Every structure is written in C-alpha cells, then in structure tokens.
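Here the structure is laid out as structure tokens; the discussion comes afterwards.
The values are calculated or read from the model by the stated rules, or taken from the named source; none is laboratory data. All values reported here derive from a predicted model rather than from experimental measurement. Glycine also receives a Cβ, built like all others from the backbone with ideal geometry; neighbour counts cover every protein chain displayed.
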Amino acid sequence: MIGRWLRFLLLTAFCLGSSVATAELVVVVNARSGVAAMTRNEVINIFFGRNRQFFNGTEVQPVDLVDANPQRAQFYRLLVGKDLSEINAYWSRQIFTGRMQAPPRVDSSEDVLKWVAARPGGIGFVELSRADARVRVVYELKP
Amino acid sequence: MFMLKRSDRSGAGRRAVILAACLQVFAAGGVQAEDEGNFTVRGFGTLGAVRTTTDDVEFVRDLSQARGATDEWTAKTDSVLGLQADWQATPQWLVAVQAISRYDQHRSFNPQLAWAFVKYDPTPNLSLRAGRLGTEFFMMADSRWVGYSFLTVRPPGDYFWYLPFYSIHGGDVALTLPLGEGIVRGKAFYGLSRGSIPLGDEQWNIRNSPMAGGYLEYQSGHWQVRGSYANIRFEHDLPVATVMAKKGLTLSAADADYLRARGTRTHYYSFGVVYDRGPVQAQLMLNHIEQGSHALESSDAAYFLFGYRLADWTPYLGYSTVRSHRRGRSASAVVNYVMEDSHSDQDTVFAGVRWDFARNVALKAQWDGVRGSAASLFPYRRDDRANWDGRMNVFSMSLDFVF
C-alpha cells in the first residue's frame, strides 16, 4: 500500500519536475520524406554527419539550434549523454580537418519546423507539443 | 610550409598578405555558419606552456620542430593559431583555405598555408578533394593542432613524434556506406609531400616525395574501429654528411650509400579503436612503421587513453610506448652514430585534466612521466648523449579555443 503511494508520488513529482525543467523532444522529418521511424543510432549518424542520406536515398538536410537555445544542450544530453562542449569539440575536428561542415543552426523551434517543412530531406528536433502536420515525428527522446 | 618559405625567404610580404587577408575577412565579415551557400571564417588556437625536468634533451611535439622544451617554461612548443575560410559555393562544392602559425622546422612562427583545396560531393556518400590537403596517416593525425578537439594537451608523443608530415599536393576520395545501424567509411589519398624535416641545424627536404594511403573504418553506436596504411617514397637523402661534418666527422661514399634515403620507401600501418559513451572516452591505438632507409629504425608504438567527464571537468589517464628495432652494428663508427640517433625505447604515463570553463574554451593541465632507456634519442632534439638517462617529467598547461 505504502509502496503504491510512494510510486504515485514519485511519478507525479517526476512528471511535474520534468514538465517544468525539460519538455519531451522529438526528431522530426519532412512529412513527404517517406521516412516513418528511426532508431537512436540512425538519428546519431545523421546529426553527427556520419550518414548523409535516408534509407531511401534522399539526401538529409539536418538543422541544429544555436547554443543559446537550451533545447540544444537537452537534445545532445538525451541523445548521446554529451555536453555541448564535447559536441562543439567534435565539430571543430570535422571542420578544421576539412572533412565536413556542421549543420546550419537556427534560433527557435519555429525556425526548425520551417526548415524541415521546406526541404524534402529536412530533419530537426523540437518539443513534442510543437510538432504539427508539416512534419512527421520519427524518434522520441524521453527526458 | 617549405614552398612558401623558400620562395619568400627574404620578405614577410606574402605571409603577411595571407594573414592580413584572413584577419580582414574575419573582422569585416562577422561570419557565422548559419546558412548554406555562404562564406565562413573560423579559427582555432592554443596558448601552451611546457617544461621538462632535464636539459639533456629538448622535448618536441613532433619531429617537425627544430627546437624543443627543456627545464625552463616555454610557450613555443604547443602554441598555435589557425584561421580557416570556407566557401560553400553550392551544396556539392566547397572551397577551403587554412592558414596556421606555429613553431616550425625553421624555428619561426611564420604563418603557413596549411591547406587550400576544393571539395566536391557528387552524391551524399562520395567526397572528392583536390589541392593542398591534410594527411591522415594515423587516426586523428590531421587534427593534431586543433587542441580544442581532443582531450589531452597534445597527441601522445610516443605515437605521433614520427609523423612530421602534414600536407600533400594531391587528391583524396572518401566513400561512406551504411551497414546495419553502423557506417563504413573508406578513404584513399595520393599526393606529393611538402616541406622539410629538421635534422640538427640542417633540413631534410621531403618535398615532392610521393605519398599514398588510405583507411577503412567502421563506426556503430559508441564504437569506432579503423585500420589504415600509408607510405612515402623519399625523393631526397638525409643531410647526414653536412650534419656529420659539423661534428668533425667525414662521411665516406660507402657510408653515404648505406645510409641512403633517396628512393627508399617507408610504410605506416595503424589500427585504432575508440569508445565514446556519455561521459566516457577511451582510445587504443597501435602503429608499426617500416623504414626503408638504414638511417632510420623501424618502430612499434601504442597508446591508451581513458577520460571520464564530471560536469565541466574531464580527468584523464594514459599510457604510451614506443620501441624501435636495431639493424645491427656496422663496421663504420659514423654509420653507427647515425643509426643510434634514430633509436627509441621508452614508455610514458600521462595524466591530466581538461576544464571546459566557458563556451568554446578549455583549460588543460598535464603531467607526462617519460621512462626510457638512455639510448632513446630519436624523439628529441639536441641530445646530450653523455648525460641523458632516458627519464624525465614533462609539465604542460594549455588554453585551447575555437572561434
């Protein structure tokens, strides 16, 4: 009995806590991309520039957020458990060896949605509540 | 570096123009990578300080440096400033130029045009580059000067000392293929080497020496595994005769022929595993270098590095080792002297911490305990053979940044 109450309380506290601190983030693609779902490793491969196309051959066009947007730090913490300094260190290696450029960065979720909706290979991340008919949710990052 | 310096030995003109142009673009542009089809200028740098506990040898970052650190603090060894301009003309075409200023084989910080290349990606998984390119003889070899991109103050010396090659005039091709949830990546390059390697007060010209190589890599989840191979065929002999003459020794024709480097080929094999998961970073690298010239000993080296991030702090611990293989004694004392100079036999334990205290800036402090034999001379400069006992401690601090 006590155990059940405790679990309820903890769950409530967890939900309240998480809804205040961090929203649930989702990875979204262009609704016409033909991609229905992705695995964590597939998402990692795309956001780290390792793979530049979807399984159907469409070239991916990822978009990232600026450091000032707290969702950027949250996204990489949930996806790979890394701090932004480590993400930026990773990209500095790619850029300064001439291997590849980092995904462009925009300011807000609305900019991400616009980017993804405007490009067949568009892929980005937003809060679950912001994902609308323009995009398709292919991966959920639980806080 | 060599080309630029030799063709412009007298005036600072051309060097200054390159740097000024880069700085001007940077100052005027206020450039950020925010959109495609544009022009960006970015940079990286390190302010480093290093000292050892001996003045019997000079400690260098790699054999491209003519002089190194002793038991007094110096900022020369690790400090660097790099500026890079990228023009993404279309999603397929990229033009990149990088200028770098660091302590070099001519004992100067004169800016060098590190790379200038055109990159063309005909498909998302195929990439072609041509021009002046960085070489990736070993994993991470082409980002050795971008301190912000790695954990330690400098890449482990026992593993990287023997790699004074930085760029080629040539081309490379890289192909990426998904395999399961992982990615296979292969790369091949060919080109002509540039520059020179300091030897005593002389320079070993490695210009126009053909280099070829490639690697195959598999990356899945937290794991990355890579095997690579490269070779270089030297076009010029080591300046052994001149160096020996300064020591009052004469190199006979027979000895010169025995120590010949011209026309010999050196092979580089390496294997690396990287594990990167959340706060954990671990690397294991092995290499084997097969030298073609009798003047240089073949060697095996390895390093292991483990780091664990705690908030903004990442303490790390590592071990590296290098052993070279003697070719036997010669009847000539001069030949023996030269061959001894390329011997290495030592282990290094290193420990340090990286502190990411601000955005795009990291502060590092590191200790290296070098424990080797007194015959381990190759990694160093200006060795005092009579006193060097193969043991020293190295203390380093660096401030690494990107912008």
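Here are some notes:
- Candidate set from the stretch B:283-320 (those that are closer than 30 Å to B:F234 by Cβ and acidic (D, E)); member that is surrounded by the most Cβ atoms within 10 Å (Cβ to Cβ): B:E297
- Options B:D237, B:D257; residue that is acidic (D, E), out of contact with any strand residue (DSSP E or B) (no Cβ under 7 Å at 6 or more places or on another chain) and surrounded by 17 or more Cβ atoms within 10 Å (Cβ to Cβ): B:D237
Every residue, every condition in (1) in contact (Cβ under 8 Å) with a residue 24 or more places away in the chain; (2) under 23 Å from B:T152 (Cβ atoms); (3) out of contact with any Ser or Thr (no Cβ under 8 Å at 6 or more places or on another chain), yes or no:
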residue	(1), (2), (3)
B:L259	yes, no, no
B:Q283	no, yes, yes
B:N287	yes, yes, no
B:A295	yes, no, no
B:S299	yes, yes, no
B:Y303	yes, yes, no
B:L310	yes, yes, yes
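- From the list B:R194, B:R277, the one residue that fits, being more than 14 Å from chain A (Cβ to nearest Cβ), in contact with a helix residue (DSSP H, G or I) (Cβ under 9 Å, 6 or more places away or on another chain) and farther than 30 Å from B:S332 by Cα, is B:R194.
- The lone exception for B:F137 - which of (1) surrounded by fewer than 23 Cβ atoms within 10 Å (Cβ to Cβ); (2) modelled with pLDDT under 90 it fails: (1)
- Checking each residue in the stretch B:64-82 for being at pLDDT 95 or above and aliphatic (A, V, I, L, M) picks out B:A69, B:A75, B:V80, B:L81.
- Any hit, the stretch B:92-108, residues being touching a strand residue (DSSP E or B) at 6+ places or on another chain (Cβ under 8 Å), β-branched (V, I, T) and not in a strand (DSSP E or B): no
- Taken over the stretch B:140-170, the criterion of being of a type in the set (D, E) and in contact (Cβ under 8 Å) with a residue 40 or more places away in the chain is satisfied by B:D158 alone.
- Flag for B:R309 being within 14 Å of another protein chain (Cβ to nearest Cβ) and modelled with pLDDT under 95: no
- Complete set of residues in the stretch A:81-117 that are β-branched (V, I, T) and in contact with a strand residue (DSSP E or B) (Cβ under 8 Å, 6 or more places away or on another chain): A:I95, A:T97, A:V106, A:V112, A:V116
- Qualifying positions in the stretch B:167-191 - within 11 Å of chain A (Cβ to nearest Cβ) and over 15 Å from B:S228 (Cβ atoms): B:S167, B:T176, B:L177, B:P178, B:L179, B:G180, B:E181, B:G182, B:I183
- Across the stretch A:69-88, the number of residues qualifying as touching a Phe, Trp or Tyr at 6+ places or on another chain (Cβ under 6 Å) and at the interface with chain B (Cβ under 8 Å from one of its Cβ atoms) comes to 1.
- Selection of the stretch B:111-139 for residues being touching a helix residue (DSSP H, G or I) at 6+ places or on another chain (Cβ under 8 Å) and either in a strand (DSSP E or B) or without any contact (Cβ under 8 Å) to a residue 40 or more places away in the chain (or both) yields B:Q112, B:L113, B:G134.
- Scanning the stretch B:172-204 for residues that are of a type in the set (G, A, S), farther than 19 Å from A:G49 by Cβ and touching a Ser or Thr at 6+ places or on another chain (Cβ under 7 Å) yields one hit, B:S193.
- When A:V66 is tested against (1) more than 8 Å from chain B (Cβ to nearest Cβ); (2) buried (at least 18 other Cβ atoms within 10 Å of the Cβ); (3) out of contact with any helix residue (DSSP H, G or I) (no Cβ under 6 Å at 6 or more places or on another chain); (4) within 30 Å of B:W93 (Cβ to Cβ), just one condition goes unmet, and that condition is (2).
- Failed criterion for B:R154 (all others in (1) out of contact with any Leu (no Cβ under 9 Å at 6 or more places or on another chain); (2) more than 12 Å from chain A (Cβ to nearest Cβ); (3) outside any loop (DSSP other than H, G, I, E, B) hold): (3)
- Every residue from the stretch A:92-136 that is of a type in the set (S, T, N, Q) and within 9 Å of another protein chain (Cβ to nearest Cβ): A:S92, A:Q94, A:T97, A:Q101
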